[in-house]
Amino acid sequence: MEQKSYTNSPANLDAIFAALADPTRRAILSRLCDGEASVKDIAEPFDMSQPAVSRHLKVLERAGLISRGVDEQRRPAKLRAGNMALAVNWLEEFRVFWGASFDQLDDVLIALKRANKKEQGHD
């Protein structure tokens, strides 16, 4: 894996991962994949108050994962998947590392199988 500076991460990457760390917020993002929704609509399947859902929405909004509009008295939330791509791109850097690690493991397993077959053939 290529050596990279620890400071090359986008500024809000920590906020994105912190927002994604909570299962309720991930469920809210999944819900918003279907289109924008009001706090009331989002709160419906959860066993929590609308103010609690609003707090989750604020975390998601600060991370840039959603935007909030103004439609008369309601503030519908809308998914902004672009910032989620920052997290995906950061994780993608590790795919190369894991791929190489799994390739090395495959080589070790193949060698062990060959050695095991040779031992069984000599018994």
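Got a sec? Which of 35, 64 is touching a helix residue (DSSP H, G or I) at 6+ places or on another chain (Cβ under 8 Å), modelled with pLDDT of 90 or more and part of a loop (DSSP other than H, G, I, E, B)?
Result of the check over 35, 64: 64.
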ask   = For residue 79, are the conditions met, namely being under 25 Å from the mean Cα position of the chain (by Cα) and among the aliphatic types (A, V, I, L, M)?
value = yes
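Tally the residues that are out of contact with any strand residue (DSSP E or B) (no Cβ under 7 Å at 6 or more places or on another chain) and either at positive phi or surrounded by 14 or more Cβ atoms within 10 Å (Cβ to Cβ) (or both), restricting the search to the range 27-47. Please lay out each step first, then the result.
Quick first cut of the range 27-47, residues out of contact with any strand residue (DSSP E or B) (no Cβ under 7 Å at 6 or more places or on another chain) only: 27-28, 30, 34-35, 39-41, 43-47.
Remaining after also requiring either at positive phi or surrounded by 14 or more Cβ atoms within 10 Å (Cβ to Cβ) (or both): 27-28, 35, 39, 41, 43, 46.
Residues that pass the stated criteria total 7.
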Answer residue from the range 57-93, given it is touching a residue at least 40 places away in the same chain (Cβ under 8 Å) and exposed (fewer than 15 other Cβ atoms within 10 Å of the Cβ) and is nearest to residue 18 (Cα to Cα) among those = 62
inquiry  = Going through 53, 108, 96 one at a time, which residue ends up being part of a helix (DSSP H, G or I), over 21 Å from residue 11 (Cβ atoms) and in contact with a Phe, Trp or Tyr (Cβ under 9 Å, 6 or more places away or on another chain)?
reply    = 53
inquiry  = Based on this model, can you work out whether residue 54 counts as exposed (fewer than 12 other Cβ atoms within 10 Å of the Cβ) and farther than 17 Å from residue 17 by Cα?
reply    = no
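The values are calculated or read from the model by the stated rules, or taken from the named source; none is laboratory data. All of these numbers come straight from a predicted model, not from anything done at the bench. FYI the Cβ positions are ideal-geometry reconstructions off the backbone, even for glycines, and counts take in every protein chain you see.
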